[in-house]
Amino acid sequence: MPQVPCHYCGLPFRVRRVEPGRTYYCCSGCALASRLPPGGVEGRYPVVPELIAALAVGFFYFNTVLFWTLALEIAREGRPETAAIFARMSAVVGTLVWATLVVGLARAAAQRWSDVLLMAATGALLVVGLRAPLSPGEVVAADAALGLWVARGWSKQKLSEKPPLPV
């Protein structure tokens, strides 16, 4: 199997067949990261739908963690009904974050079995968190694991010794 460099991070990887003119990515993280434009003139970033989606996912993940910690603190105060409301809010927002990350991975230009396995594993963790009694901690963990998996493309480019190919 021939080796080709990743179009985003520059790391070599094997493919079954090289097609001229095709863009190759070593992982879905690099494929997703390549959609975001690099810093422009004077550090200004052009606003693109992918950037808006990434910022929205980060914002909603923050709220998932916030609602979960509020539920824990309110439960310690002895108000289980209010704590359950915040736990449900955390679970609902966390499920939306997970679904958005899964859609992003499914639409990536590079899809691997490892992506499917991680989506299934985090989906199982999400289901465990949504069962009675509700445990938003598992939802937060599933979102964190999948979010780190999606963001690995940025770290690969930073850690690779080879420069990325020009866009």
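Just so you know, all these numbers are worked out from the coordinates, no wet-lab data involved. These numbers were taken from a predicted model, which means no experiment stands behind them. Every residue, glycine as well, gets a Cβ built from its backbone with ideal geometry; the counts of neighbours run over all protein chains shown.
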(request) Taking 7 Å along the Cα-to-C-beta vector as the label spot, tell me the ALA151-ILE85 distance in nanometres, rounded to one decimal. (result) 3.1 nm
(request) Find the Cα radius of gyration of segment 3-159, compare it with 2.2 N^0.38 Å by division, and give the number to two decimals. (result) 1.23
(message) Suppose the chain between GLU19 and ARG131 were pulled fully straight at 0.36 nm per residue; how much longer would it get relative to their current alpha carbon spacing?
(response) 35.7 nm
